[in-house]
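Coordinate-derived values only; no laboratory data. Predicted model only: the values in this text are computed from it and were never measured. Glycine gets a Cβ as well: all are built from the backbone with ideal geometry, and neighbour counts include every protein chain shown.
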Amino acid sequence: MKFNFKNFGYVDEGALELGDLTLICGPNNVGKTYVNYAISTTESC
């Protein structure tokens, strides 16, 4: 599943494609939590 982000929390713009195991890591205050919120609230078809 692929996600595109624009002006979402700390994330100006980005894309993320989920695989069998996807890790989101980085320094503090860069938008990891916002990306997780977006992914977890998206319904899968």
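Rg and Dmax over the alpha-carbon atoms of the chain stand at 10.4, 32 Å.
What are the GluC sites (Glu not before Pro) within the chain that DSSP puts in a loop, where the Cβ has at most 14 other Cβ atoms within 10 Å?
GLU43
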